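Below is one structure, written out as structure tokens; the observations come after it.
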Protein chains: 6
Amino acid sequence: MRVFDRTWKQIEDYLGYDDRIVLPLGSTEQHGYLSLGVDTILSERVAVEAAEPLGVPVLPSLPYGLTPYFAAYPGSPTLRAGTYLAVVRDLLDSLYEQGFRRILLVNGHGGNAPAGGVGPEFMRDHADAQVLFHSWWNGPRVWPVVQAIDPDASHASWLESFPWTRVPGVEIPEGHKQPVDPGAIRVADPATVRALLGDGSYGGDYRRPDADWQAVWDAGVEEVRELLASGWR
Amino acid sequence: MRVFDRTWKQIEDYLGYDDRIVLPLGSTEQHGYLSLGVDTILSERVAVEAAEPLGVPVLPSLPYGLTPYFAAYPGSPTLRAGTYLAVVRDLLDSLYEQGFRRILLVNGHGGNAPAGGVGPEFMRDHADAQVLFHSWWNGPRVWPVVQAIDPDASHASWLESFPWTRVPGVEIPEGHKQPVDPGAIRVADPATVRALLGDGSYGGDYRRPDADWQAVWDAGVEEVRELLASGWR
Amino acid sequence: MRVFDRTWKQIEDYLGYDDRIVLPLGSTEQHGYLSLGVDTILSERVAVEAAEPLGVPVLPSLPYGLTPYFAAYPGSPTLRAGTYLAVVRDLLDSLYEQGFRRILLVNGHGGNAPAGGVGPEFMRDHADAQVLFHSWWNGPRVWPVVQAIDPDASHASWLESFPWTRVPGVEIPEGHKQPVDPGAIRVADPATVRALLGDGSYGGDYRRPDADWQAVWDAGVEEVRELLASGWR
Amino acid sequence: MRVFDRTWKQIEDYLGYDDRIVLPLGSTEQHGYLSLGVDTILSERVAVEAAEPLGVPVLPSLPYGLTPYFAAYPGSPTLRAGTYLAVVRDLLDSLYEQGFRRILLVNGHGGNAPAGGVGPEFMRDHADAQVLFHSWWNGPRVWPVVQAIDPDASHASWLESFPWTRVPGVEIPEGHKQPVDPGAIRVADPATVRALLGDGSYGGDYRRPDADWQAVWDAGVEEVRELLASGWR
Amino acid sequence: MRVFDRTWKQIEDYLGYDDRIVLPLGSTEQHGYLSLGVDTILSERVAVEAAEPLGVPVLPSLPYGLTPYFAAYPGSPTLRAGTYLAVVRDLLDSLYEQGFRRILLVNGHGGNAPAGGVGPEFMRDHADAQVLFHSWWNGPRVWPVVQAIDPDASHASWLESFPWTRVPGVEIPEGHKQPVDPGAIRVADPATVRALLGDGSYGGDYRRPDADWQAVWDAGVEEVRELLASGWR
Amino acid sequence: MRVFDRTWKQIEDYLGYDDRIVLPLGSTEQHGYLSLGVDTILSERVAVEAAEPLGVPVLPSLPYGLTPYFAAYPGSPTLRAGTYLAVVRDLLDSLYEQGFRRILLVNGHGGNAPAGGVGPEFMRDHADAQVLFHSWWNGPRVWPVVQAIDPDASHASWLESFPWTRVPGVEIPEGHKQPVDPGAIRVADPATVRALLGDGSYGGDYRRPDADWQAVWDAGVEEVRELLASGWR
């Protein structure tokens, strides 16, 4: 259930019998021919679908993350890493104070990875709490599904193209893009990143049949649900 | 237009002829019988409606703000003030770097007021930029409308009760709540805040005829639009 | 009583029967034809006079605050907002540790408003403490007095001109200054602020008969005293 | 000249022909039978007297510094070291922006020593600026004077007892206090510090003839003046 | 070449014809029967051997990193994540200022991963600089070598047991340890981590023939060297 | 004993009967004709030799400190002061959590002095802990030894020239260097510092007979050992 579809009293009632909650971590950044909100939309939606049958509340996705390398693509504001870690830490501290003890961070953006370091630090200070950081699109259950369909699938390819991340009126090209050399991107400043990526995709097919993204999505939802159900100690 | 309904290329095209953008500032916190997302939902929606005819892009509302006093109401995570100011500053810096020069912060939560201090500091460092901080519900055009209808209107009263902030299945009480003494709340720790507020409303009618909230909303949208159109130097 | 007129032993004795203290918040910044110390001088003096009959100690005013918009006026050093909040938080924490439980922040400068966000955060962490943030010149008792005398009264006008804030040898002009458009100042960088304000006053009469500033002062002292006496829970 | 005795215009005029300024660094903390404001009062006064004949402006002393070890003595609020360094750095940055290039920090409190690390960092970033950190009471000219009078002179002894730091109505004891072992204080927590120090003095005579403190004061003023006149590159 | 085996003049000469440097990132933390310095020792040594034939200078390994989860194992001090990122950022900024433009971070500890977020942020601010973050033991060339020998190899197993990381007088057990469930460790507080790990190893053989660790080492050195030689844009 | 020569189990055993530990603080920075690692090498070595007979563990020296004034000498990366204080504080907090109660900081670099402010703050928060900050080369026992040999001895002179800080193949000049005016260095930006210092030495003999540095070293080791043995409360 979305926290935004609830009142505080309903959350309080929930805390009477459960202590899990999901905090999705998104970003606002270029995704080629797709919405600038891909990472925020997907991280929240996959969490909501996964949590639904379990009745676990899902907070709104944090729509700003770490994306300094996309600075040359308008519409991609970034936080600084130190600020980002502080945001995640503050939210964990505050959720703990309100009674939550098992917090699943469902991440939708590779660049947010440093936030994975917050959980262990938090658990050192709150020994009775548990934090899981999970990037939904490349977990052990999802990634093989992706690879089996298109080993070049990546940022802004069909892998992130869902009915809910496409932009009305924007045509997505046909065809396959040769993967951009990850080694080159790794050491590139923003202008070079843009020169390398052009339209923004890292490579792979731009479009795939519905069954393909559906398979990825189903695996993603299932994996998040499983973690939510039994990823705890 | 919502940034999430656009691709980076569309934002880049926009920057070819305009440099305005809106960043709504919300919160996730108790609102009595209403959604925990009231401040996030309203700040974003009022901005989107206001910006629509002007074609100015609206970023996703930042759904976490400053609400330490509601710590005893589950579902109200807060950031620390220092972190919050850093988030707003980082976003302004990053938007500036991407070419935006006139940034309107549409605030939906009274507790976020310290973020009003970020703009002047930012403009000292970027003399060609302009930042406006506007709390949509109590501006000079909206507040008289509210007062004329119900002088006790406040947090979690009818003033924040819109079709898009009500929670399906949750009945909102009839009647009028005596305003809670603001002087008492001001020096209250979270447990005392809850003892004082009970259901979460600060006072005023819980429900009002549709025409009333519509009048507030129309004034709110109009005032944001006006600022967006001509609040600049 | 001024803390500076006391020894630690006297403060310890005081803590044996009371737990209130006042921390004035000032600034060093342009005030037109008046002293650069107006906000520091007034915040401390109004606090001292208010506290006198109550026997509550008054700390020295913090003479540096948030005034980035006056950067083009020499003699107006500013802190960054994040630093300022940290200073106020540190002082509250330290005063708490020393036994104070009711702390009144008497603010003398509009730009310091973000510090108002520190108290609620502090009270979340120290549930048995109370913090009040009060801007002495525009409280509910003082502002009507000001308005009745000169509705244009503002920064660096007669409203801040007291025998103890005037600079020997500097003549204050006669006459009335048309208020500078606050909407224009709001989005102005420091150079533009100076271009708009010129001599530094925001508008209103430069000088008024003694009875006028005395009326403001009396109301200011009285309001601070009342808060100090009965503004607590 | 005190900055507080000037208008911004006078400071601007001054900047037309000079670029020096003094920022005194004080503290609010126990000083035995003396005022809690000793370090603030002395750092500002010695600077004002020293600067007078040179016409250099003196800012108000920063009345809060680093004094965590006196936490058990009421009336001794401390900043955290990280905050303190940020305050000093912000002020240097802001003064630089306003045109000052030679800034003398006149320190009145031993615990503030870490602020001495700010200047070199600041000069790395502003190669045309100069910052001097000087503790007025133990400089190469003052300390021999002190030692010749009473080698045990220290914190809260006659060395800090001036007509302007004594508290009306508080009698200062006669006699000599055996110096408290500095090695013991060095590793002491606040309660132990108090147990060791008792009344707050570190040792030495409590009172001395006027000629003695006058000699110290004269040397202090002279040394600050000399640095201000010719301590630059 | 080790920076510590050089004078500043030799480094200045080097900067006349090259702009590469290596900063190894270590940790001080439990490694079962091995030295508490494993990550620091290996990150520095692999870098030194790799850089030798290229003549690139290698800084001393930063011996403190992020290891909050090992808090229950004495000898494992950790930094907080925010501090750690600031350290790495400061060093990059300072090295840049001194003329280095291609900086390779050779990481020796999995927990330091959040530092991988610093490079992109740094390259946004310094477009002509390049930063590579490489964890030496699980790169694309090394990991297959490890896996081929013992798929369970992990923290504190033979994989980190080299003549230069063993502790004289401490016997390393024979045999194979069943890998501890990584999912369990992931959500464990420090006490639980210790309960799960016992002696500190995550699993795999404790000891292996010399040829095995030599194969890993050779691959590690080779991969670092290759990155140093041709991992740039 | 070096912590790096031990396993966690050995440190745990040690904590069963003692609670002392040494954290050396170094720097990587120009030392004229000597190694860039002088401060790191000496702070660690003097600590190790001093601690040996007492059986107290010595952590690896922190090889990065505060040296902004040497920015014009390649190979001298610096941390910012705020970061440095956070590093030292984090390590103290973490060591405390692991059971250490008496922590000796053996400092090898004058510029690190601001870290001396961390201990008192830490002891305020942990009343049962003790922290000693000791700069090994100018303590009350060592400095007279130095002065008796060469009163001009200073940074990068024979005073820091030991067999373990000389660089193979680099010839150290004969002769005496006139001390550079410390007052001039104090207000110098990095380029001026270099202009003043030239080769990097602050003055004194470049070389001295072995007996001289041996006398300094012996006094240094002895003084650290004494502090470690009996510098506590």
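Things worth noting here:
- Cα Rg over Rh - the range B:97-233, Kirkwood: 1.04
- Reduced Cα scattering model of the range F:33-98, Debye log10 I(q)/I(0), q = 0.20 Å⁻¹: -0.96
- Cα centre as origin, Lys/Arg/Asp/Glu Cβ charges: the range A:105-214 dipole, Debye: 60 debye
- Phi to ³J(HN,Hα) by Karplus 6.51 cos²θ - 1.76 cosθ + 1.60 over the range D:63-77, Hz, x for Gly, Pro: x, 10, x, 9, 8, x, 6, 9, 4, 7, 9, x, x, 10, x
- Between the residues C:Pro182, C:Pro209, C:Val170, the greatest Cα displacement towards the positive end of the dipole of the range C:131-233, with unit charges on the Cβ of Lys, Arg, Asp and Glu, is found for C:Pro182.
- DSSP bridge pairs, the protein assembly as shown: antiparallel proportion in percent, nearest 5: 20 percent
- Directionally averaged projected area (convex hull, Cα atoms, the range C:26-151), nm²: 8.7 nm²
- Rough spin-label spacing in nm, given labels placed 7 Å along Cα→Cβ, for A:Ala195 and B:Trp164: 4.3 nm
- Cβ charges +1 (Lys, Arg) and -1 (Asp, Glu), total dipole of the protein assembly as shown, debye: 0 debye
- Diffusion constant of the range B:134-210 at 25 °C, which comes from Stokes-Einstein with the Kirkwood Cα-pair radius and 0.890 mPa s, µm²/s: 182 µm²/s
- In units of the compact-protein estimate 2.2 N^0.38 Å, the range A:85-139 shows a Cα radius of gyration of 1.08.
- Residue among D:Gly220, D:Gly119, D:Gly16 with the largest mean-square fluctuation in a Gaussian network model of chain D, springs linking Cα atoms under 10 Å: D:Gly16
- Per-residue shielding of D:90-100, expressed as the average number of other chain Cβ atoms within 10 Å of the residue Cβ, stands at 6.
- Here the protein assembly as shown is described by how far its Cα atoms reach on the three principal axes: 95, 88, 54 Å, from widest to narrowest.
- Two numbers describe the Cα atoms of the range C:161-205: Rg and Dmax, which are 12.5, 35 Å.
- Estimated FRET transfer efficiency (E:Glu226, C:Asp210; beta-carbon r; R0 60 Å; 0.05): 0.15
- Across peptide E:20-33, the average count of Cβ atoms from other chains found within 10 Å of a residue's Cβ is 2.
- Peptide-level mean, for F:109-117, of C-beta atoms on other protein chains within 10 Å: 5
- Whole-number D in µm² s⁻¹ for the range F:180-226, Kirkwood Cα-pair radius fed into Stokes-Einstein, 25 °C, 0.890 mPa s: 188 µm²/s
- Both radii come from the Cα set of chain C: Rg as radius of gyration, Rh as Kirkwood radius; their ratio Rg/Rh reads 0.98.
- Antiparallel bridges, percent of DSSP beta bridges restricted to chain E (to nearest 5): 20 percent
- GNM flexibility winner over chain F from F:Ile172, F:Ile149, F:Ile11 (Cα, springs under 10 Å): F:Ile11
- Under a 5 Å amide H cut-off, with hydrogens placed 1.01 Å from N, F:Arg2 pairs with F:Val58 among residues at least 5 apart or on other chains.
- Charges were assigned to the Cβ only: +1 to each Lys and Arg, -1 to each Asp and Glu. The resulting dipole of the range D:1-77 about its Cα centre is roughly 140 debye.
- Amide H to amide H distances under 5 Å link E:Lys177 with E:Gly204, E:Asp205, E:Tyr206, where only residues 5 or more positions off or on other chains count and H is placed in the peptide plane.
Rule-based calculations on the coordinates, nothing more; no lab input. Because the structure is predicted, anything quoted here is derived from the model rather than measured. A quick note on method: Cβ atoms are made from the backbone with ideal geometry, for glycine too, and the neighbour counts reach across all protein chains shown.
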